[in-house]
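Input: a single structure, listed below in structure tokens.
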Amino acid sequence: MHFYTYDGSFEGLLTVVFEAYERKEWPDQIGKAGEAPAGIFATHHFIPTQEAKAKRVWQGLAKKLSQAALENVYKTYLWEQPGCEMLLFRFVRLVFASPQSGIEENFAEPVVQKIAAIGKQMFREKHRMEAFIRFQRTQDGLFVAPINPDFNVLPLIVGHFEKRYADQPWLIYDGRRAYGAYYDLEQVQLVSIEELPKSLKKGQLPTDLLTEVEPLYQQLWQVYFDHVNIPERKNRKLHLRHMPKRYWKYLTEKKPRVQAHQPIQNKQLPTGVYRLQP
Amino acid sequence: MQHTVIEKLSILADSAKYDVSCSSSGGKRKNEGKGLGNAEGMGICHSYTEDGRCVSLLKILLTNFCIYDCAYCVSRKSNDVKRVAFTVQEVVDLTINFYRRNYIEGLFLSSGIFKDADYTMERLVRVARKLRQEHKFNGYIHLKTIPGASEELIREAGLYADRLSVNIELPTEASLQTLAPEKNFTEVLTPMSHIKDQLVLVKEEKKLFKSTPAFAPAGQSTQLIVGASPENDRQILTLASGLYQNYELKRVYYSGYVPVTADSRLPLISTPPIIRENRLYQADWLLRLYGFGVNELVDEQNPQLDLQIDPKLAWALRNRQVFPLEINTADYEMIVRVPGIGLKSAKKIVAARRFAPLTWEHLRQIGVVLKRAKYFITAGGRSLERREWDEEVIRRRILFGEKGDRNGLWGSQLDLFSQAG
Ligand code: SF4
């Protein structure tokens with residue numbers, strides 16, 4: 001039984017793949033450096049990352065896979081769930097073993113299904129982050145969005161925000177994984193903040209950092225959210241399906257109100273004499 | 001000052017909320033040279049209301065002053081409500097600041113008719129122009145076209161807006177006469193055909209000159225109110241399909257009537273017809289994307305869509321002679337017609353069967369809803385059902401479960417979206 005470990009980077013994982021092929025010793029388990037093997041009889045191989053080897057594996061995959069399927073390989077790594085490395089490895093083996101291209105469409109193969117499912121799950125999380133993160137403007141004009149997603153999607157969303165907010169500096173910070181993406185009007189860099197303000201972890205920036213009009217715009221957004229609601233159509237189940245509670249911590253519109261919501265009285269309906277439509 | 005903006009926003013968002021179209025898809029504006037915003041054609045819902053509707057755009061009226069008196073509308077002249085109006089700059093500021101914070105994809109601006117149609121339309125256009133030209137805003141802009149506005153203004157609106165819409169609201173001239181006496185079909189259809197002509201023209205010119213300025217690249221849409229007037233689903237869907245064919249409409253939106261007044265011309269209802277609205281949307285998808293014709297979904301004998309089951313299942317049950325289909329050989333066009341198989345699953349089936357004949361297990365993994373599909377297909381000649389059930393039994397088994405559990409009824413009726421596809 002072969003237990004491979006790597007430094008935790010994507011390139012590192014691809015290097016493991018390369019080495020396994022080179023040695024013809026197929027892994028039974030892959031883990032990050034420091035993790036313990038499941039069985040005591042495992043042969044342990046620590047594989048230092050080598051860019052060139054990683055690149056060869058990646059290019060080999062690119063030749064046989066569609067762009068979407070290739071991205072799914074990367075997404076499987078970012079998925080970070082236990083067993084993701086072995087899954088990735090089994091998929092890669094299938095790809096290299098198949099003489100024709102298009103193997104990613106062979107949905108009758110369980111590992112293909114699984115990778116596609118992960119791709120979908122990651123896409124959904126990415127999409128939700130792009131939808132639900134909220135920026136708050138600080139006094140020096142930086143737009144800050146604290147996040148802590150279930151999966152490591154920050155690398156997947158940076159491109160979207162770089163294009164969208166090309167004329168404003170911004171920082172998206174993953175509190176759970178303790179790193180962020182900072183855009184300075186020129187380019188995006190990965191950054192790490194030593195001492196993270198506590199409130200940032202909860203999705204709120206310390207009030208004294210915020211620009212003067214920030215609370216007003218947050219309040220305006222809450223007012224807007226309250227007034228687009230149509231009480232007659234209330235459907236909480238659907239609401240929660242689209243906007244699961246775990247995302248509420250990001251959402252300005254789900255934060256406590258400064259002023260209670262005051263419905264507009266613009267309907268003149270008689271009370272108590274409703275008749276159901278046939 | 002601040003207080004007034006909050007108050008204006010409350011009133012003008014509240015009055016705009018009954019317009020259900022909130023899509024921000026189809027807008028493609030690339031951010032070239034460090035402007036603000038980028039739209040790639042796929043709309044994003046940034047939030048959801050408590051009734052589960054997508055919030056994608058800042059959807060407001062410029063003003064709720066109105067010279068008309070449409071019975072179904074909260075802004076009608078005779079309604080005793082507070083009237084306010086945004087300035088052009090206020091709308092621009094709200095849009096930009098909401099956009100920068102990732103609250104919205106853009107603006108959906110509509111308005112009551114202030115003075116006259118052109119006066120109002122001119123202000124809507126001014127907001128859009130300011131956003132595009134002064135703020136280099138590439139987010140989504142949807143402008144409502146005020147019925148009766150001049151062709152010139154509509155053309156200018158199309159230069160800045162991604163989408164233009166003219167709401168028909170009521171499906172027949174007769175209903176329009178009763179409920180919105182100052183409006184008529186011609187007044188609504190004229191701007192619609194102006195927009196269509198422009199869309200076609202620009203498309204043609206684009207082929208010759210790449211630099212032709214875009215005109216409403218996300219096309220035009222309209223809204224029909226359902227349940228405020230007596231039309232049946234067949235009339236509504238026939239109108240919708242005609243609009244898709246003759247006016248190049250991207251979308252027709254259906255808005256279940258929410259009672260706003262005790263006017264005797266309007267039906268008294270306690271809840272909006274949400275299930276009916278949902279069935280119309282499902283039928284609309286089948287018309288646009290699944291290759292169904294109106295007559296296959298509703299006809300003279302069945303002018304209303306079945307409220308209990310979705311229109312695709314209803315069609316399949318009426319057309320048992322077409323089934324069962326063998327999933328390994330049937331055409332894609334037929335596979336999409338099987339209840340429980342959506343467009344994505346159908347594509348996967350056609351792709352995957354090139355590698356190996358598909359079994360029931362494969363279909364399950366692909367995401368086919370077997371408890372619906374199994375009555376209509378075979379896999380490798382095998383059927384999952386040993387018996388030939390008749391229409392009534394299949395309907396009952398799908399609705400209430402196979403063990404005859406009647407408690408399933410409420411769940412399945414209220415859980416509207418589980419039956420889509
Ligand atoms: S014209 Fe528009 S805003 Fe005015 S009453 Fe009719 S529907 Fe309402």
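The values are calculated or read from the model by the stated rules, or taken from the named source; none is laboratory data. Here the structure is a predicted model, which is why all the values come from computation and not from measurement. Backbone-built Cβ (ideal geometry, glycine too); neighbour counts: all protein chains shown. Just so you know, the surface numbers come from the protein's heavy atoms only, side chains and all, with ligands and any DNA or RNA stripped out. Shrake-Rupley method; radii C 1.70, N 1.55, O 1.52, S 1.80 Å.
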*Ignore the peptide's own chain and count Cβ atoms of other chains within 10 Å of each Cβ in A:260-266; give me the average, rounded.*
5
*Taking all protein chains as present, what is the carbon and sulfur share of the accessible area of the protein assembly as shown, in % to the nearest whole number, probe 1.4 Å?*
53 percent
*Taking only Cα atoms, what is the 0 to 90° angle, nearest 10, from helix A:154-164's long axis to the longest principal axis of chain A?*
50 degrees
*Considering amide H positions built from the backbone, and no H for Pro or chain starts, which residues 5 or more places from B:LYS77, or on another chain, come under 5 Å of its amide H?*
B:TYR68, B:ASP69, B:CYS70
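Could you work out how much longer the chain between B:THR190 and B:GLN177 gets when fully extended? Use 0.36 nm per residue separation minus the Cα distance between them, nm to one decimal. Could you put the intermediate results ahead of the total?
On the way: separation 13, 0.36 × 13 = 4.68 nm, distance 1.72 nm.
This chain segment gains 3.0 nm when fully extended.
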_Compute the angle between helix A:110-132 and the longest alpha-carbon principal axis of chain A, please, reported from 0 to 90 degrees and rounded to the nearest 10._
30 degrees
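Chain pair A, B: how much accessible area is buried, both chains summed, with a 1.4 Å probe, in Å² to 100? Before the final figure, lay out each step's value.
Numbers: alone 17440 and 20760 Å², together 31450 Å².
Result for this pair: about 6800 Å² buried.
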*asked:* With a 1.4 Å probe and all protein chains left in place, how much accessible area per residue does region B:2-226 have, in Å²?
replied: 36 Å²
_Table column - 3J(HN,Hα) (Hz), region A:96-106, Karplus curve with 6.51, -1.76, 1.60, x for Gly and Pro_ = 5, 7, 8, x, 9, 8, x, 4, 5, 9, 7
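Averaged over B:98-109, how many beta carbons belonging to a partner chain fall within 10 Å of each residue's beta carbon? All intermediate terms of the calculation are to be shown ahead of the outcome.
Numbers: counts 4, 2, 9, 12, 15, 11, 2, 2, 0, 0, 0, 0.
Across the residues of B:98-109, the mean count of other-chain Cβ atoms within 10 Å is 5.
Going by the alpha-carbon gyration tensor, a ≥ b ≥ c the square roots of its eigenvalues, is region B:2-226 rounded (a/c under 1.5) or, if a/c is not under 1.5, prolate (a/b greater than b/c) versus oblate?
Details: a/c = 1.66, a/b = 1.17, b/c = 1.42.
It comes out oblate by the Cα gyration axes.
Relative contact order for region A:2-127 using alpha-carbon pairs under 8 Å, separation at least 6, rounded to a whole percent? Display every interim value, and only then the final one.
On the way: 160 pairs, mean separation 32.0, N = 126.
Computed value for region A:2-127: 25 percent relative contact order.
Which value, in debye to the nearest 20, describes the size of the charge dipole of region B:132-214 about its Cα centre when Lys and Arg Cβ atoms bear +1, Asp and Glu Cβ atoms bear -1, and nothing else is charged?
On the way: 11 positive and 12 negative charges, 103 e Å.
Here region B:132-214 has a charge dipole of around 500 debye.
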*Note down the magnitude of the dipole of chain B about its Cα centre, charges +1 on Lys and Arg C-beta and -1 on Asp and Glu C-beta and zero elsewhere, to the nearest 20 debye.*
1560 debye
*Magnitude of the charge dipole, chain A, Cβ model with Lys/Arg +1 and Asp/Glu -1, debye to 20*: 1480 debye
*Work out the charge dipole of region A:22-159 with +1 on the Cβ of Lys and Arg and -1 on the Cβ of Asp and Glu about the Cα centre, then indicate which of A:GLN113, A:ALA54, A:SER101 is farthest towards its positive end.*
A:SER101
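How would A:TYR4, B:TYR290 rank on accessible area, largest to smallest, probe 1.4 Å?
Details: A:TYR4 0, B:TYR290 35 Å².
Result, largest first: B:TYR290, A:TYR4.
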*Can you give the accessible area of A:ASP140 in Å² (nearest 10), computed on protein heavy atoms with a 1.4 Å probe?*
130 Å²
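List the trypsin sites (Lys or Arg not before Pro) in region B:337-388 that DSSP assigns to loop (not H, G, I, E or B) and whose Cβ has at most 10 other Cβ atoms within 10 Å. Which are they? Before the final figure, lay out each step's value.
Numbers: sites: B:ARG337, B:LYS344, B:LYS347, B:LYS348, B:ARG353, B:ARG354, B:ARG364, B:LYS371, B:ARG372, B:LYS374, B:ARG382, B:ARG386, B:ARG387; in loops: B:ARG337, B:ARG353, B:ARG354, B:LYS374, B:ARG386, B:ARG387.
Those satisfying the criteria are B:ARG354, B:ARG386, B:ARG387.
Using 0.36 nm per residue, how much length does the chain from B:THR329 to B:VAL393 gain when fully extended, once their Cα-Cα distance is taken away?
20.3 nm
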_Cα lying deepest toward the dipole's positive end in the protein assembly as shown, options A:ALA33, B:VAL125, A:PHE151, charges on Cβ_ = A:ALA33
*Given a 1.4 Å probe and the protein chains all in place, what does the accessible area of A:ASP184 round to, in Å² to the nearest 10?*
50 Å²
*Could you pull the accessible area for B:HIS135 with a 1.4 Å probe, rounded to 10 Å²?*
60 Å²
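Work out the P(r) tail for the protein assembly as shown: percent of alpha carbon pairs separated by more than 51 Å, whole number. Don't skip to the answer; put the middle values down first.
Values: 43885 of 243951 pairs.
Counting every Cα pair in the protein assembly as shown, those more than 51 Å apart make up 18 percent.
Taking a 1.4 Å probe, which of B:ASP19, B:ASP306, A:ASP208 shows the most accessible area, and what order do the others take after it? Let's see the in-between values first.
Details: B:ASP19 15, B:ASP306 50, A:ASP208 115 Å².
Per-residue accessible area, sorted high to low, gives A:ASP208, B:ASP306, B:ASP19.
Over region B:2-226, calculate the relative contact order: mean separation of alpha carbon pairs under 8 Å at least 6 apart, over the residue count, as a percent. The partial results should precede the final answer.
Working: 423 pairs, mean separation 44.7, N = 225.
Value for region B:2-226: 20 percent.
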*Which entries of B:LYS347/B:LYS371; B:LYS8/B:LYS130; A:LYS126/B:LYS203; A:LYS63/B:LYS348; A:LYS255/B:LYS8 show an alpha-carbon separation above 28 angstrom in the structure shown?*
A:LYS126/B:LYS203
_If you count only protein heavy atoms with a 1.4 Å probe, what accessible area per residue comes out for chain A, rounded to a whole Å²?_
51 Å²
*Between A:ALA42 and A:ARG93, take the C-beta separation as r, use R0 = 22 Å, and let me know the FRET efficiency to the nearest 0.05.*
0.70
*Karplus couplings for region A:251-262 from phi (6.51 cos²θ - 1.76 cosθ + 1.60, θ = phi - 60°), rounded to Hz, Gly and Pro as x?*
8, 3, 6, 9, 7, x, 7, 6, 10, 5, 5, 10
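Tell me the Kirkwood hydrodynamic radius of chain B in angstroms, computed as one over the mean inverse distance between distinct C-alpha pairs. Each step should come with its number before you reach the end.
Values: mean 1/r = 0.0425 Å⁻¹.
Result for chain B, one decimal place: 23.6 Å.
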*Cα axis of helix B:391-400 to longest principal axis of chain B: angle in degrees, 0 to 90, nearest 10?*
60 degrees
*Which log10 I(q)/I(0) values, to two decimals, does region A:103-221 give at q = 0.23, 0.24 Å⁻¹ under the Debye formula with one point per Cα?*
-1.38, -1.46
*Could you work out the mean count of beta carbons from other protein chains within 10 Å of each residue's beta carbon in B:79-86?*
2
*Taking B:LYS206 as the anchor, which lysines have their alpha carbon closer than 22 Å to its alpha carbon, excluding any fewer than eight residues away along the same chain?*
B:LYS28, B:LYS30, B:LYS196, B:LYS250
*Report the relative contact order of region A:133-254, percent, no decimals, based on alpha-carbon pairs under 8 angstrom and at least 6 residues apart.*
26 percent
*Lys/Arg +1, Asp/Glu -1 at C-beta; chain B dipole; positive extreme among B:LEU153, B:THR359, B:ILE309*: B:THR359
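Ranked by accessible surface with a 1.4 Å probe, highest first, in what order do A:GLU194, A:GLU130 come? Kindly include the intermediate steps, with their values, before the conclusion.
Details: A:GLU194 180, A:GLU130 10 Å².
Ranked list, largest accessible area first: A:GLU194, A:GLU130.
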*Indicate, rounded to the nearest 5 percent, the antiparallel portion of the DSSP beta bridges found entirely in region B:2-226.*
25 percent
*Gain upon complete extension [B:VAL350, B:ARG386; 0.36 nm per residue less C-alpha separation]*: 10.4 nm
